[in-house]
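Data block below; observations after.
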Amino acid sequence: MDIDANIRKVPNFPKEGILFYDITTILENPECFKHCVDTFANHYKDKEIDVIVGIEARGFIFGAALAYAMGKPFSIVRKPGKLPSKTLFEEYELEYGTDKIEMHEDTVKTGQKVLLVDDLLATGGTIQATANLVEKVGGVVVGMCFVVELDFLKGREKLEKYDLLSLQHYDNEDVKEA
């Protein structure tokens with residue numbers, strides 16, 4: 001399956017000079033969406049996983065489908081103020097400034113093995129913050145999976161201690177709009 005052919009490339013979004021890799025077009029192709037979820041499930045089928053955690057927002061889509069496919073509980077990490085019960089937060093650096101993510105403090109239990117899911121790995125800030133949250137509550141991150149990885153932003157370098165799976169890699173932003 002050609003995942004790249006199912007990703008829309010949008011130049012100058014959300015701002016000038018950024019090439020946005022839009023995975024919503026994968027969701028519009030049931031075969032490609034199934035291929036992505038099945039590839040994740042096959043990669044992790046022999047690993048001990050207790051909980052799958054998806055990161056807002058597109059990580060929810062792939063994470064929930066993967067949790068269903070693997071018969072595992074699904075939990076979420078969100079932007080601040082979106083979760084109704086007691087939460088923990090982690091702050092992380094952006095290109096210009098900082099941001100925060102939160103998760104319910106009781107969503108992962110001590111010793112549980114956790115697989116993190118997001119749509120895209122760029123600089124690694126969000127996924128590292130999520131791993132920090134899981135580890136704060138005593139969870140063990142056994143893997144991280146992504147549909148897209150922007151290799152030129154070197155996010156993988158921050159995550160060397162984790163098992164990473166990315167389905168589509170891009171070496172640079174020199175891609176014409178599809």
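The values are calculated or read from the model by the stated rules, or taken from the named source; none is laboratory data. Quick caveat: nothing in here was measured; it's all calculated off a predicted structure. In this analysis, Cβ positions are derived from the backbone assuming ideal geometry, glycine residues included, and neighbour counts consider all displayed protein chains.
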Filter segment 95-124 for residues that are outside any loop (DSSP other than H, G, I, E, B) and over 11 Å from the mean Cα position of the chain (by Cα) and give the result.
-> GLY97, THR98, ASP99, LYS100, ILE101, GLU102, MET103, HIS104, LYS113, VAL114
Only one of THR110, THR98, THR87, THR123 is more than 22 Å from ILE23 (Cβ to Cβ) and modelled with pLDDT under 95; which?
-> THR98
Which one is farthest from GLY139 (Cα to Cα) among residues in segment 49-69 that are part of a helix (DSSP H, G or I) and not aliphatic (A, V, I, L, M)?
-> ARG58
Can you find a residue in segment 34-48 that is part of a helix (DSSP H, G or I) and farther than 25 Å from GLN128 by Cα?
-> yes
Within segment 1-20, how many residues turn out to be at pLDDT 95 or above and either within 17 Å of the chain's Cα centre (by Cα) or among the charged types (D, E, K, R) (or both)?
-> 6
Taking the condition surrounded by 22 or more Cβ atoms within 10 Å (Cβ to Cβ) and closer than 24 Å to ILE3 by Cα, does ASP171 pass?
-> no
Inspect all residues belonging to segment 47-56 and state whether any of them is surrounded by fewer than 13 Cβ atoms within 10 Å (Cβ to Cβ), without any contact (Cβ under 8 Å) to a residue 60 or more places away in the chain and either more than 19 Å from the chain's Cα centre (by Cα) or under 23 Å from MET103 (Cα atoms) (or both).
-> no
